[in-house]
Protein chains: 6
Amino acid sequence: MLVDGDHPIHWVDPLRLPLADIGDFSIALGDIAASFTEIERQAAAVKHLVALGGDHSITLPLLRALAKRCGPVALIHFDAHVDTWRENFGQTFAHGSVFYHAIADGLVDPHRMIQIGVRSPVEREIYNWTIAQGVTMITAHDVHERGVAQAAETIRQVAGAGPVYLSFDIDVLDPAFAPGTGTPEVGGLASWQAQAIIRRLRGLQFIGMDVVEVCPAYDVAEITALAGATMAWEYLCLLAAARD
Amino acid sequence: MLVDGDHPIHWVDPLRLPLADIGDFSIALGDIAASFTEIERQAAAVKHLVALGGDHSITLPLLRALAKRCGPVALIHFDAHVDTWRENFGQTFAHGSVFYHAIADGLVDPHRMIQIGVRSPVEREIYNWTIAQGVTMITAHDVHERGVAQAAETIRQVAGAGPVYLSFDIDVLDPAFAPGTGTPEVGGLASWQAQAIIRRLRGLQFIGMDVVEVCPAYDVAEITALAGATMAWEYLCLLAAARD
Amino acid sequence: MLVDGDHPIHWVDPLRLPLADIGDFSIALGDIAASFTEIERQAAAVKHLVALGGDHSITLPLLRALAKRCGPVALIHFDAHVDTWRENFGQTFAHGSVFYHAIADGLVDPHRMIQIGVRSPVEREIYNWTIAQGVTMITAHDVHERGVAQAAETIRQVAGAGPVYLSFDIDVLDPAFAPGTGTPEVGGLASWQAQAIIRRLRGLQFIGMDVVEVCPAYDVAEITALAGATMAWEYLCLLAAARD
Amino acid sequence: MLVDGDHPIHWVDPLRLPLADIGDFSIALGDIAASFTEIERQAAAVKHLVALGGDHSITLPLLRALAKRCGPVALIHFDAHVDTWRENFGQTFAHGSVFYHAIADGLVDPHRMIQIGVRSPVEREIYNWTIAQGVTMITAHDVHERGVAQAAETIRQVAGAGPVYLSFDIDVLDPAFAPGTGTPEVGGLASWQAQAIIRRLRGLQFIGMDVVEVCPAYDVAEITALAGATMAWEYLCLLAAARD
Amino acid sequence: MLVDGDHPIHWVDPLRLPLADIGDFSIALGDIAASFTEIERQAAAVKHLVALGGDHSITLPLLRALAKRCGPVALIHFDAHVDTWRENFGQTFAHGSVFYHAIADGLVDPHRMIQIGVRSPVEREIYNWTIAQGVTMITAHDVHERGVAQAAETIRQVAGAGPVYLSFDIDVLDPAFAPGTGTPEVGGLASWQAQAIIRRLRGLQFIGMDVVEVCPAYDVAEITALAGATMAWEYLCLLAAARD
Amino acid sequence: MLVDGDHPIHWVDPLRLPLADIGDFSIALGDIAASFTEIERQAAAVKHLVALGGDHSITLPLLRALAKRCGPVALIHFDAHVDTWRENFGQTFAHGSVFYHAIADGLVDPHRMIQIGVRSPVEREIYNWTIAQGVTMITAHDVHERGVAQAAETIRQVAGAGPVYLSFDIDVLDPAFAPGTGTPEVGGLASWQAQAIIRRLRGLQFIGMDVVEVCPAYDVAEITALAGATMAWEYLCLLAAARD
C-alpha cells in the first residue's frame, strides 16, 4: 500500500471544521427536504425575490414562501417542458415535478398559469392532466409561427390581475442560444423572442421571478449565463418601469 | 535508437487478429468502392431505412439499394450545398458529387427532386446543369423570407405521389444551430424551421431517410447531435402518424 | 535561487533583434497614437479598403484615411452598441468612443449615418447626444419585428448618394451566431438577417468596409470567424454586382 | 389555447409503435433493475468482453456475468474515486456504489483488487471499510511521485494469477486530458501514465474490460473519447501480444 | 427613426433605482481607487481571508488590509508572470503591477517573497529590479526538471517563520489545465504539481490566500474553475491539519 | 422555383474579378502541384524561413527550396506520426507522405534525420523502411520515461554539424495541450517537454523551421495556437542566442 504521510487522501472532514469565518454548512449534500426548508426560509426574508437557480426544483420552496405571503399566485412559466410529472424517475421532488406539486398544493392558481415554449415529447396523460387543471400552453412552434405579440397578449389575459410570478427555465431557449443546460430541446425560442414577450408584460403585478437550469459546465463563452442574466435584467426593467 | 521492449510503437496488425467476438473488419480504410458495396448490401436488408451518417457520400449506396426495390425515387434534400458537382477535388465519389451520380444513374427522378436551404456559392454551370435536369431549389433565404408554409407546399407539389426519400444534411442548419459539421455555411435554417417544414409533409409516401454530416469533433455540448436526432425523431413521428 | 543556464527566463529583447526577414516591429505594444498613425498610413495606400479587425477602435484611423480622400462619408454601422461614448473607462481612444471622435472630427456626416442592431443599455445623455447629431438608429428589436426589407429601405434613404462606408461589428449578431467577441449582447441579429440587409444595399457608392471585434479565443468551431468572413464576402458580391 | 393540428406537441407514444426494423425498447427509462438484467444477459453472451460505458454502474451487471463464469475475479480499477460507498444520495445502485456491491456480493476478490488514481476526498469510514476488505490503493499522487513502473509492479503483485478484469473510469485522467466526464477531479493521471501502466501488465490473465464515464456533452474536440478509445486499444494490444 | 414605445433601448438608469432588496452599487464601473478601498474594507472584516478573484490587481487591497493587521508579510506567489512591472500599458494599478506596489509600499517583505512558475518573457530591467529587492524565483521549468519536493523546500526556507500569504494566479498552470484565464503561457505546471507543492507547506503560519485570474468565458467544461476551487480546498486542508 | 432577384445564390465568379487591391488568386483550390510550386517559389525568396502551416504536406516544397540552396539537410522532426507512408489513401502528396518523398528525393539526409514523439500505430513495413533509411526515432514514451535531457542529447548527436531544419507538427503534443489538430494521438508530449528539448538545441546550425497542423476549428480558447506560436518563439530565441 503506497499511501503515506506526504500525500494522503483528503478526508471529507475538514470542511466540517468550525471555520466560522467561512460559513457553516449543516445541510447534507442530497438532503432535498432540508434544502427546501432552508430555501423557503431564505426566500421568505427577501422583499422582492429574484432567484438565480439551481435546477427547477428550487421553484417549489420559492413558491411556498410567496404563497404564504400572497395566496395562490399566477404563474408565467417559460420552459421546454411541462414539468408537471408526478415524479422524476422515482424522485418525488425534482425539476420535472415541480409544477405538479405547485398545483396540487395550491401554491399557484392553474387558471392563471401559462406555459410558453413547451416542445419536449410528453405522455398524453401528463398533458391531459395539465390542461384539465386549467393550465394554458403556448408551444415553441406557436411562438415561431404566430409571433411574439400574440403570445404576449395571451399571457396577459391568462395572468390577469393579482400577484404574478415569472419562472424562466433557460431551456425555453433553443440550444443554439442556451447550450449550457441539462435537458436541451431543439426548436426553442430565440433570445430576442423571450425578451420581446417579457417587454410586453409591463403593468402586470409581479411579485418575484427566477432564472433556472443554467449549467455552466455545458456552456460556451458564457452565452447561456449571459442569456439568463439578460432575462433577469429585462425583469428588473419591468419593475423600474412600474415605479416611474 | 531509444525504442525498447517496454514501450514499443504499436503495429497496426493487432486489430487484424481474428478477435471473433469483436468483429471482422475486412474493408481497408479509404476503399470507397468496397465501402459502398457493403453499405448498399446492409441497407438492402433493412425494411424501412433510417440512416445516421457518415458524410453525404453514403447516400449514394443507400439510394442504390432503394432504387433497386422501388425504381427512381422522389428526393427531398435539405442541404446548404447542391452536391451535384461531377467530382470533389479529383475524387469521383464524395460528399459533393452524390446527387450528380444519383441523377445520372437514374436513382432519383430529378423532376421529383427538391433542394431546401441551398446557400453556398456555386459555379453557374453546376447550377444550370442541376436546374436543367428538372430539380427544384429553395434557398435558405427563400425559407427565411417567404416562410415555412410556402416551402412545405412547394415540397409537397414537387414530391407528389410515389416513393419519397428524405436526405437531411445537417449543414442545412445555420452554424449557430449545428456547429458540428465539416462545411458550415452562414445564413442557414433555424432548427425550428426544419422541424416545421418536416411536420407539414405528413401523408407523403416515405420509404427512408438519412441524417448526414454530423461531425462530433466540431460540436459543442452535443447540440448538433441533438439537432440531428430530433430530425430523425420528427421523421419517425411522420411514420407513426401515417399508421394511425 | 534555482534559475540556471539551461532554462532561463526568456528576455523580451530577442524580438527586438533586427531579424530583417521576419519584420521590424517598432511600435510599442499599447502605443495607440503610433498604432493609429500606422493604420491610417497603410489604409491610405489601399485602393478599396476591406479591413478585418482588430477591435472597433481601428475604424477611426481607417475613416481618417478615407475622409482625407473623399471628405465626410456616409456610415452604415452594424453594432450592438452605439460606440459614441466620449471615452472608455478613462481611455480617450477605444472601441466604445470611435464614433464620438468620427463625428466630432467631421470624418462622417452624422445625417448620413445609421446604426443597425443597437441593443445594449446606454446612458440617456449618450443616446440623446447621438440622436441630436442627426444619427438614425434601428435597434435589433426593430429588425426582428419589422423585418429586413424595411431596415434596408431606411438604410438606403439615410445613406443616400455619395461615398458610403460599411462598418460591421460582429457583435451585432446574437451570441448564438457570434460567440467569439468581447462584449456580446443577447437579442441580436441572426446571420441571415445581416446578409439579407446587405444584399439589399446594391447600388450604393461603397468606398470601403471593415469587419471588427472577432475574437477567436472566445469562438467555437470558428463559427464567428466564418460569419465575419461571410459578411466581407457579401460586400465583395455587392462590388462585383456593381461592375456588371 | 394555441395548440392546433399543424404543430402539436409530440406524444411519447410514437416510439412505442412496433417499428420492427428499428427495434423494440421495452425497458422503461430509469428502470435500473431491468437494465442490469439486460446488461448482464448481453454480457454473458460475449466471448471476451470489451464494454464501452455508460456510467460506472454498468460494471456491476458486467461483473455478475463474468463471476458466474469464472468465480470472484481480480480487479484492476482505474478511478479518481473509490466507488465503495454503500449508496449514492439515496440510490442503492449507482456509479459510486458499484464496488461496494461487487465486494459484498463476492463478484470480486478484494485481496486481488487494486485501485489506481484515487484522489477525491472520501469519508474516513468508507476508506477504512475499503482497506479493511483487503483492497490496495494507489493514489494519483503516488503515481506522479513514485512513477509508473512501481505502480505497475504493485498492480501485478496484487492481481496475481487467475482471471483479471480491468475497469477503466475515464476520470482517473486529469480533467486536462479528459474533460468529458461527469465527476472530474483535479490532479489526475496524464494519458501517457495510464498507457505506460497498462503496457506493463502483459501476461496477466485478462477476461474483460470496460471504459466508463465518458460523457461527450462535456467533451472538447473529442479528446476524451479518443483517450477512452486509446485505453481500449492498449488493452486489445495486450490481448494480441498474449496470442503471439 | 424606428425606435418606438414597444421596444425601446434600455437606459442604464434602472439599476440605479433604490431596489433595496437587491443591493446598492455605488462604485462606478472602472473606478479602481474606490474599488480598492471597498475591497480593503471588506477584507479587513474577515477573520481568515480566502479570496476568489477577480484579476490579480485585487491582491493589492487584500495585502493592504492584512499588512495593517500583521505588518509586512511573507508571500508565496504562484504565477506565470512576475507581476512587478511599474505599470500596465499606462495603468498604474493593474494585474501586472500588483507586486511592484506591494513591495514598494512595504506590504510584503521581499526577502520572504518567492515566485513559483514564472515563465513569460520579461524585460531584463524588471527581472533585475525584482531580484535586487530580494525576491526568490522558481521558474516553471525548474519545477518540471527539479521536482516538487525541492521547490517546496525552497519555498519553506524563503517564507520562514511569521505570517505568510498565498497568492495563486491560476495561470501558473499550463493552458491545458487552465484554459480559462486571460494571459495564458505555455509550459506551465500540471495541477498535481501545484497540489503537491502546497501539501508540503504544512506548518507555515498562513494568514490568508487568494485564487485569481479565473475567467469563465474562456473555460471549457469548468475545468479551470475546478482547478481553482481545488487549490482553495488544498489550502483549507492545510488549515484543518494545523488545528489537529 | 422560388429563387428571385432579391436573394439569389451567389456565383463563385465574383472572387474571380480582377479586384487588384485584394489580390489575384490564380491557383485552383485543390491543385496540389501548382500550390507546391508557388510555396517553393515564395520560400526560396525568404532569407531565414519560419513557416506557420498549413498541414504537413507544405514541408515538402519548403524543403525543396532549402535543399536547392544547401543540399540535403538534417531534419529534426517533432510528430506523433512517422509521415513516411508512400501515399495517403490514394493521394501521392499529402501530410502523411511528406517525408517519404523528402527522403526519396534527397532533400534530407536520413542519417541526420530524427523523429521525436512518434506514437501512432504504424504498419511494420513502413516502420522498417524508415529505420532502414537510417532515420532515428524517439517515441513519446521514450521522452516520458527517459527524460528531455537524454532526448535532446540524442537529437544533437544525430543532427550533428551542417544545416538543420526543424519541422514541428503540433500533434507531437498530447491532445490535452493541443486539441486543435486534425489527427490527434493520445499519450503525447507536454508543451514544457517540447520547450525543454528545443532549448537544449542551442548551437546547431538552423536554417529554417515550420509549425504545422494547427487547426483552429478544433481549438479551445486558442491554446493550440498559443502552443504553436510558443514553439516558434523558442526557435527565435535559439537564433537570438546564436547571434549574441
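The values are calculated or read from the model by the stated rules, or taken from the named source; none is laboratory data. The structure presented is a predicted model; accordingly, all values stated were derived computationally and were not measured. In this analysis, Cβ positions are derived from the backbone assuming ideal geometry, glycine residues included, and neighbour counts consider all displayed protein chains. Quick note on the areas: whole protein, heavy atoms, side chains included, nothing else; ligands and nucleic acids left out. Shrake-Rupley method; radii C 1.70, N 1.55, O 1.52, S 1.80 Å.
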From the list B:Leu49, B:Leu17, exactly one residue is in contact with a Gly (Cβ under 6 Å, 6 or more places away or on another chain), within 14 Å of chain D (Cβ to nearest Cβ) and either modelled with pLDDT of 75 or more or more than 24 Å from B:Val214 (Cα to Cα) (or both). Which is it? B:Leu49
Given the structure, is D:Ile138 buried (at least 23 other Cβ atoms within 10 Å of the Cβ), more than 9 Å from chain A (Cβ to nearest Cβ) and within 19 Å of the chain's Cα centre (by Cα)? no
Mind checking whether some residue in segment A:65-75 is within 11 Å of chain D (Cβ to nearest Cβ) and closer than 29 Å to B:Gln195 by Cα? no
Count - residues of segment F:230-244 that are open to solvent by less than 10 Å² (accessible area, probe 1.4 Å) and either part of a loop (DSSP other than H, G, I, E, B) or of a type in the set (Asp, Glu) (or both): 1
Give me the residue from segment D:183-192 that is open to solvent by 20 Å² or more (accessible area, probe 1.4 Å) and out of contact with any Ser or Thr (no Cβ under 6 Å at 6 or more places or on another chain) and, out of that set, nearest to F:Ala176 (Cα to Cα). D:Trp192
Give me the residue from segment E:158-175 that is open to solvent by less than 10 Å² (accessible area, probe 1.4 Å) and β-branched (Val, Ile, Thr) and, out of that set, farthest from the other protein chains (Cβ to nearest Cβ). E:Val164
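Listed here are the residues, each with its yes/no results for (1) away from chain C (no Cβ under 11 Å); (2) crowded, with 24+ Cβ neighbours inside 10 Å; (3) in a strand (DSSP E or B).
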position: E:Asp142; (1), (2), (3): no, no, no
position: E:Glu145; (1), (2), (3): no, no, no
position: E:Ala149; (1), (2), (3): yes, no, no
position: E:Phe177; (1), (2), (3): yes, yes, no
position: E:Thr181; (1), (2), (3): no, yes, no
position: E:Ala194; (1), (2), (3): yes, yes, no
Among the residues of segment E:108-135, count how many are assigned to a strand (DSSP E or B) and either of a type in the set (Asp, Glu) or open to solvent by 10 Å² or more (accessible area, probe 1.4 Å) (or both). 4
For E:Gly96, are the conditions met, namely being open to solvent by less than 10 Å² (accessible area, probe 1.4 Å) and assigned to a loop (DSSP other than H, G, I, E, B)? yes
Somewhere in segment C:80-92, is a residue in a helix (DSSP H, G or I) and open to solvent by less than 20 Å² (accessible area, probe 1.4 Å)? no
Condition broken by E:Pro216, with the remaining ones in (1) within 30 Å of F:Ala232 (Cα to Cα); (2) more than 9 Å from chain D (Cβ to nearest Cβ); (3) in contact with a strand residue (DSSP E or B) (Cβ under 9 Å, 6 or more places away or on another chain) satisfied: (3)
Among the residues of segment E:151-165, which ones are closer than 20 Å to D:His144 by Cα and touching a helix residue (DSSP H, G or I) at 6+ places or on another chain (Cβ under 8 Å)? E:Ala151, E:Ala152
Name every residue in segment E:45-56 that is within 11 Å of E:Asp169 (Cα to Cα) and either out of contact with any Asp or Glu (no Cβ under 7 Å at 6 or more places or on another chain) or outside any loop (DSSP other than H, G, I, E, B) (or both), in order of residue number. E:Leu52, E:Gly54, E:His56
Against the definition (under 21 Å from C:Ile114 (Cβ atoms), more than 14 Å from chain F (Cβ to nearest Cβ), touching a residue at least 40 places away in the same chain (Cβ under 8 Å) and aromatic (Phe, Trp, Tyr)), how does C:Phe206 come out, yes or no? no
Taking segment B:200-229, which residues are in a helix (DSSP H, G or I), of a type outside the set (A, V, I, L, M) and open to solvent by less than 30 Å² (accessible area, probe 1.4 Å)? B:Thr224, B:Gly228
Residues within segment A:43-73 that are in contact with a Leu (Cβ under 8 Å, 6 or more places away or on another chain) and open to solvent by less than 50 Å² (accessible area, probe 1.4 Å), tallied: 12
